[in-house]
Amino acid sequence: MLIYHFFLTILFVGDILPRMGTGTAQRMVEVVSDAGRAGALLDPVRLRLVESLDDPGDSAAGLARRLGLPRQKVNYHLRELEKLGLVELIDERRKGNCIERIVRRKASTYIVDPALLGRVGADPARSGDRFSATFLASVGARIVRELSELIRRSSRAGKQLSTLTIDSEVRFASAKKQAEFGEELSRRLGELVSEYHNESAPGGRTFRVIACAYQAITKPENPLPGDGPTDTPEHHHD
């Protein structure tokens, strides 16, 4: 008996609501929408420095010791990362005749905005077959692109986003059960959308609702001679 193992994700992406309290997930995430800043994160040395700058931060000398890099090189790259707003100064400490600058990563997580790719970026409107993996990947890129814009707007407005994500896994005993699940999910989701959608409600808020499933990667792929290790789904099924 073949076992199919899929991730199922349902997302609501929608409106901006007033911020409640002071601690929100958005403060831990920064969207990188500038090509120069994105390029800095893709630079191997600078990415390594940014990765190493968790709380409580560190100095150029401390990073140089930990990473085995020349202090002057680390100091130069930290200055450039600080100019780009990817790391921030949090303290200055006197050590002998010198002032030691302590910096840390400005956000715990960075998201590179897919909009940086312009018209060559993934777009569901150009992906053709709605049942293809390419279409699903394009929808995923659109989620990141739209959420990036919503995060920017919410940050400027001092508010938080109203979103919902349901992330689960399901194992199918056969391709028949997989098809039945897809049909039932589509039917039930359509019924919910029809029940709750109100095009003319005063003050109503519009959300994008996305349901997707893709085969989970559960074990490494057996590499071909000369290939590096990669992952592959447990079974292949189109």
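The values are calculated or read from the model by the stated rules, or taken from the named source; none is laboratory data. Worth saying up front: this structure is predicted, and the values here are computed from it rather than measured. No Cβ is skipped: glycine too gets one built from the backbone with ideal geometry, and neighbour counts run over all protein chains shown.
Matching residues to (1) within 28 Å of the chain's Cα centre (by Cα); (2) over 30 Å from SER33 (Cα atoms); (3) free of Cβ contacts under 8 Å to residues at least 40 places away in the same chain; (4) surrounded by 15 or more Cβ atoms within 10 Å (Cβ to Cβ):
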residue: ILE151; (1), (2), (3), (4): yes, no, no, yes
residue: GLY158; (1), (2), (3), (4): yes, no, no, no
residue: LEU164; (1), (2), (3), (4): yes, no, no, no
residue: GLY182; (1), (2), (3), (4): yes, yes, yes, yes
residue: VAL193; (1), (2), (3), (4): yes, yes, yes, no
residue: HIS197; (1), (2), (3), (4): no, yes, yes, no
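One residue is enough: does the stretch 79-86 have a residue meeting the conditions closer than 21 Å to ARG208 by Cβ and in contact with a strand residue (DSSP E or B) (Cβ under 8 Å, 6 or more places away or on another chain)?
no
Against the condition among the hydroxyl-bearing types (Ser, Thr, Tyr), in the same structural domain as GLN160 (by TED's automatic domain parsing) and free of Cβ contacts under 8 Å to residues at least 12 places away in the same chain, how does SER132 come out, does it pass?
Yes; evaluated as a whole, the condition is true for this residue.
Quick check: is even one residue across the stretch 70-84 assigned to a helix (DSSP H, G or I) and over 19 Å from LEU41 (Cα atoms)?
So far as the stretch 70-84 goes, yes, one or more of its residues are assigned to a helix (DSSP H, G or I) and over 19 Å from LEU41 (Cα atoms).
Considering the stretch 95-110 alone, what residues qualify as being over 21 Å from the mean Cα position of the chain (by Cα), over 10 Å from SER59 (Cα atoms) and of a type in the set (D, E, K, R)?
Result: LYS95, single match.
Is it the case, given these coordinates, that GLY118 is in the same structural domain as ILE151 (by TED's automatic domain parsing) and either free of Cβ contacts under 8 Å to residues at least 12 places away in the same chain or aliphatic (A, V, I, L, M) (or both)?
Working: in the same structural domain as ILE151 (by TED's automatic domain parsing): yes; either free of Cβ contacts under 8 Å to residues at least 12 places away in the same chain or aliphatic (A, V, I, L, M) (or both): yes.
Criteria met by GLY118.
Quick check on the stretch 80-128: of everything there that is polar (S, T, N, Q) and within 21 Å of SER52 (Cβ to Cβ), which residue is surrounded by the fewest Cβ atoms within 10 Å (Cβ to Cβ)?
In this case the residue turns out to be THR109.
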